[in-house]
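Rule-based calculations on the coordinates, nothing more; no lab input. None of the values given here were measured: they were computed from a predicted structure. With ideal geometry, Cβ positions are generated from the backbone for all residues, glycine too; neighbour counts draw on all protein chains shown.
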Amino acid sequence: MYGEVEEISTLSPSMIRIVLGGSGLDNFTPNESTDQYINAYFIPENASYSPPFDLEEVRTLGDDQRPRPRRFTVRRWNSNTQKLTIDFVTHGDQGYAGTWAQRAQIGDRLQFKGPNGSYKPDIEADWHLLAGDESALSAISASVEAIPESKPCSVFLIVDGPENQINFASSPNIKLIGFTGLLYLTLKQLCLKQSVAMRLKMEIRCLHTW
């Protein structure tokens, strides 16, 4: 299965939204999970093939030719327009997926398998707690949209900074708390020698909430 890039938008300095469409999605069958994901295949720049391709066949190629599989959570599937929305976290030129998203152009194709998934909020629960980093934003956003507005929900997000915060559907009962990379820096501090850790301590940013 594959989709053609039809829309590209920048959501934050570290996230790009790609909307896929086309006849290659005719057999896409979503499930009810809010964490449904696809296994996407990213082709090396020097590859001699393009989507759609026979996965078993290209797996016999050399390492420099084989597609790189990466898992991505589906942000949204629109059954009316037959369009699939995927949000990509980018880290400069690091990683196949993020680099592909930054260079993507209208008409490019992305091949994948799926979707799969297993989680969906219990709408009968009294309250909900969701937590994750930028890579979990799609699943968190989809989960928030599935929670009844009358139910309290706390969302904890770990991001590089407030500018990387992605707004999603909310209600007065949803509390959003952002951590600007503090968890990562704290764990890093614990792994260092005491002298280095003490110097790093002065550089750790304060906890921000918004």
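For the reader, a short list of remarks on this structure follows.
- Of K83/K175; K83/K113; K113/K175, pairs whose Cα-Cα distance is over 27 Å: K83/K175; K113/K175
- Taken one residue at a time, the phi angles of segment 10-15 give Karplus couplings (6.51, -1.76, 1.60, θ = phi - 60°) of 9, 8, 7, x, 10, 9 Hz. Gly and Pro are set to x.
- Centroid-to-centroid separation of segment 93-158 and segment 3-49 [C-alpha atoms, Å]: 13 Å
- Set against the 2.2 N^0.38 Å expectation for a compact globular protein, segment 104-161 has a Cα radius of gyration ratio of 1.46.
- For the peptides 29-35, 72-78, the ranking by mean Cβ contacts within 10 Å, running from highest to lowest, is 72-78, 29-35.
- With 5 Å bins from 0: P(r) over segment 2-116, alpha-carbon pairs, percent: 2, 12, 22, 25, 21, 13, 5, 1, 0
- Packing-based ranking, highest mean first, of 55-65, 106-116 given that Cβ atoms within 10 Å are counted: 106-116, 55-65
- Distance between the 7 Å Cα→Cβ label points at E7 and S150: 3.2 nm.
- For K120, residues with placed amide H under 5 Å, excluding near neighbours: T34
- Take 41-49, 154-162, 138-146 and order them by the average number of nearby Cβ atoms within 10 Å per residue, most first; the result is 138-146, 154-162, 41-49.
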